[in-house]
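One structure is given below, encoded as structure tokens.
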Amino acid sequence: MSADEPVRPLFGEIIREARKKRGWSQQELGQAAGLSRPTIARVEADSDVTTATISKIARALGLTLELTDRG
């Protein structure tokens, strides 16, 4: 990443902001995604999570996932 590129928010920050924008607690997001509140907390803390977990959360929040090659 060069000095001219904007700093991108971490995945957990994106999830937290999307959750708060909807007025949901971690518990409510967990229920909507079929996951536990501790799992949502781990995601928001940028801990290792599976792609299945990421997909469930994105779907519950109405987010799309995009993969980009930074190489």
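The values are calculated or read from the model by the stated rules, or taken from the named source; none is laboratory data. If you're wondering where the values come from, they're calculated on a predicted model, not measured in any experiment. Cβ atoms come from the backbone with ideal geometry, glycine included; neighbour counts cover every protein chain shown.
Quick notes on this structure:
- Whichever residue in region 34-48 is closer than 20 Å to residue 9 by Cβ, out of contact with any Leu (no Cβ under 6 Å at 6 or more places or on another chain) and of a type outside the set (Val, Ile, Thr) and, among such residues, is modelled with the lowest pLDDT: 48
- Unique match (being surrounded by 12 or more Cβ atoms within 10 Å (Cβ to Cβ), assigned to a loop (DSSP other than H, G, I, E, B) and charged (D, E, K, R)) among 46, 69: 46
- Residue list for region 12-60, restricted to those being among the aliphatic types (A, V, I, L, M) and in contact with a Lys or Arg (Cβ under 7 Å, 6 or more places away or on another chain): 29, 33, 35, 49
- Subset of region 34-43 [among the hydrophobic types (A, V, I, L, M, F, W, C), part of a helix (DSSP H, G or I) and surrounded by 19 or more Cβ atoms within 10 Å (Cβ to Cβ)]: 40, 43
Matching residues to (1) modelled with pLDDT under 95; (2) closer than 19 Å to residue 68 by Cα; (3) loosely packed, with under 14 Cβ neighbours inside 10 Å; (4) touching a strand residue (DSSP E or B) at 6+ places or on another chain (Cβ under 6 Å):
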| residue | (1), (2), (3), (4) |
| --- | --- |
| 1 | yes, yes, yes, no |
| 7 | yes, yes, yes, no |
| 16 | no, no, no, no |
| 20 | no, no, yes, no |
| 24 | no, no, no, no |
| 27 | no, no, yes, no |
| 32 | no, no, no, no |
| 50 | yes, yes, yes, no |
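- Pairing residues of region 21-35 that are closer than 15 Å to residue 62 by Cβ and in contact (Cβ under 8 Å) with a residue 12 or more places away in the chain with residues that are buried (at least 17 other Cβ atoms within 10 Å of the Cβ) and of a type in the set (Lys, Arg), at Cβ distances under 8 Å and at least 6 apart in sequence or on separate chains, gives 29/19; 33/56.
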